[in-house]
1. Scan 162, 158 and give me the residue that is touching a strand residue (DSSP E or B) at 6+ places or on another chain (Cβ under 6 Å) and either closer than 23 Å to residue 94 by Cα or at pLDDT below 95 (or both).
2. Just wondering, is there one or more residues in the stretch 181-202 that are surrounded by 21 or more Cβ atoms within 10 Å (Cβ to Cβ) and in a strand (DSSP E or B)?
3. Scan 125, 145 and give me the residue that is in contact (Cβ under 8 Å) with a residue 24 or more places away in the chain, farther than 17 Å from residue 291 by Cα, buried (at least 18 other Cβ atoms within 10 Å of the Cβ) and touching a helix residue (DSSP H, G or I) at 6+ places or on another chain (Cβ under 7 Å).
4. Limited to the stretch 247-277, what total is found for residues that are closer than 16 Å to residue 214 by Cα and exposed (fewer than 15 other Cβ atoms within 10 Å of the Cβ)?
5. Take the stretch 263-279 and flag every residue that is out of contact with any helix residue (DSSP H, G or I) (no Cβ under 6 Å at 6 or more places or on another chain) and part of a helix (DSSP H, G or I).
6. Would you pick out the residues in the stretch 109-134 that are part of a loop (DSSP other than H, G, I, E, B) and modelled with pLDDT of 95 or more?
7. Any chance you could count how many residues in the stretch 307-319 are in contact (Cβ under 8 Å) with a residue 60 or more places away in the chain, surrounded by 15 or more Cβ atoms within 10 Å (Cβ to Cβ) and more than 17 Å from residue 12 (Cα to Cα)?
8. Only residues that are part of a helix (DSSP H, G or I) and farther than 23 Å from residue 181 by Cα: list them for the stretch 232-254, please.
C-alpha cells in the first residue's frame with residue numbers, strides 16, 4: 001500500500017485515476033475544492049474504500065492545504081487545474097492563479113514533505129503554433145492561449161525542481177482526453193460529452209469552423225495506463241521528462257460527429273436525422289494535433305489499449321446509461 005495524493009481527484013481524469021489506484025490497493029488522499037470536480041464522482045469510492053480513501057476539501061492556491069495533503073505522501077498525481085482555452089482567454093488571471101501558483105504550491109509542499117515522485121497533467125496545448133506533425137516532445141512552438149502558457153510554465157517549474165531539489169518529476173502531455181465521467185454541462189464542456197448530450201436531446205451540435213480541424217482524441221483508460229506506468233517505472237531515463245499521452249491517431253471533428261451519430265443511433269435511430277451545424281473557428285485553437293508516442297512506448301512501455309473509435313464506443317455506452 002503506497003501513500004498517494006491525487007489533486008483534482010473529484011474531476012473527470014482525477015476520479016478515474018483515483019479509482020484505478022484504489023483497485024490496486026493504494027491509500028489515496030484526494031485534494032479538491034470542487035470548482036470543477038463533483039462529489040458524485042467520489043461518493044461511490046468513499047463508500048467502497050473507506051479505509052483507503054481520504055478526502056480533503058481544500059484549494060491548491062492555499063499552501064497550507066497543499067502541505068496538509070502531502071504529509072507522509074510518497075507519490076503525487078497533480079491533476080487539479082482550470083482547463084479550457086476559452087476560459088483562460090476570458091479570465092487569464094484565475095487560470096494563472098490556479099494553474100501556475102497552485103502548481104508551484106504543490107511542488108513546494110511535495111519538496112518539503114519528501115515526496116518521491118511528482119506526476120503532473122501537462123497539455124498538448126504546449127505545442128502552440130508549431131506546424132510539425134506528429135508532435136514530438138522536444139519540438140514546441142509559441143503558446144496560443146493563456147491556458148497553454150500556464151501548462152508550459154508547469155513543465156519549466158517541474159524541470160527546475162527536479163534539477164535543484166532532486167524531486168522526481170514526470171509530465172504527461174494529455175491530448176484531448178475523453179470518456180466516462182466527463183461533464184457535458186457548463187460553458188466550457190469538452191466537445192465529445194457536449195455533442196453527446198446534444199444528440200441525445202435531438203439537438204444540433206455546432207462544430208467550430210468547417211469541421212476539418214483534427215485532434216488526437218485519447219480515451220481515459222489509455223491516460224490511466226500512462227499515469228500508472230509513470231508511477232511504477234524504475235528506469236532512470238524515464239524520469240524528469242515529459243511524454244505525449246495519446247493514441248497516435250488523428251480524427252477530424254466531422255469524422256468525430258459521424259462516429260457519434262452512428263453509435264448513438266444504435267440506441268435511438270431518430271438521432272441519425274439530427275442536422276450538424278457549423279459556427280466560426282474558436283480563438284486560440286490549434287488546427288491539427290497528432291502525437292508521436294514513441295518516447296512513451298520506449299521508456300515507459302506504454303501500449304494504448306483503446307483506439308479512438310473503440311474508446312468512443314465505450315464512452316457513448318456510458319453516457320447513454322448515465323446522462
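1. 158
2. No, the stretch 181-202 contains no residue that is surrounded by 21 or more Cβ atoms within 10 Å (Cβ to Cβ) and in a strand (DSSP E or B).
3. Numbers: 125 fails: farther than 17 Å from residue 291 by Cα.
Result: 145 is the single residue among 125, 145 that is in contact (Cβ under 8 Å) with a residue 24 or more places away in the chain, farther than 17 Å from residue 291 by Cα, buried (at least 18 other Cβ atoms within 10 Å of the Cβ) and touching a helix residue (DSSP H, G or I) at 6+ places or on another chain (Cβ under 7 Å).
4. 1
5. The answer is 269, 270, 273.
6. Selection gives 114, 115, 116, 134.
7. Residues in the stretch 307-319 being in contact (Cβ under 8 Å) with a residue 60 or more places away in the chain, surrounded by 15 or more Cβ atoms within 10 Å (Cβ to Cβ) and more than 17 Å from residue 12 (Cα to Cα): 2 in total.
8. Taking the stretch 232-254 and keeping what is part of a helix (DSSP H, G or I), we get 232, 236-238, 253-254.
Within the stretch 232-254, 232, 236, 237, 238, 254 qualify.
The values are calculated or read from the model by the stated rules, or taken from the named source; none is laboratory data. Everything quoted here is computed from the prediction, not taken from an experiment. Glycine also receives a Cβ, built like all others from the backbone with ideal geometry; neighbour counts cover every protein chain displayed.
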